[in-house]
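Read the structure below first, then the notes.
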Amino acid sequence: MDDGLKQQQKRYNFLVEDAKRYFGEWDMCDPVAWAIVRVVQAQNDLAHAICEDVTHGAPKRMVEAAITERRQAIDALRQALEQEPRGFQ
């Protein structure tokens, strides 16, 4: 692994851990926070589907469904940001 990729991985891991550390401080009344949670879950589901496909030969429709959900979650986040740009109802 080259130094640039190592640095990128180190930064990524730091940002993920930092996000997890302060995740509980989010406002549950914020529709944007809910949309972000949906995006994160969709990303987790996609990673799981890809892993299942690679390791067990899971049906391609599993990955396709996860991609569809991720796109829908991203669209929902975009809509929440447009409707409540400050993040509060």
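Please report, for the Cα atoms of the chain, the Rg to one decimal and the Dmax as a whole number; what are they, in angstrom?
That works out to 16.0, 46 Å for Rg and Dmax.
What whole-number value in cubic angstrom gives the convex hull volume per residue for the C-alpha atoms of region 38-89? Intermediate values should be presented prior to the final figure.
Details: hull volume 2.8 nm³, N = 52.
Spread over its residues, the Cα hull of region 38-89 gives 54 Å³ apiece.
Order of 11-23, 64-76, 31-43, 47-59 by packing, highest average Cβ count within 10 Å first?
Details: 11-23: 9.8, 64-76: 15.4, 31-43: 16.9, 47-59: 12.5.
Result, highest mean first: 31-43, 64-76, 47-59, 11-23.
Among the lysines, which fall within straight-line cross-link reach of Lys60, defined as a Cα-Cα distance under 19 Å, with same-chain neighbours fewer than 8 residues apart omitted?
Partners found: none.
Each value in this text was obtained by applying a stated rule to the coordinates, not by laboratory testing. Model, not experiment: these values are computed from the prediction. Please note: Cβ atoms are built from the backbone with ideal geometry, for glycine as well, and neighbour counts cover all protein chains shown.
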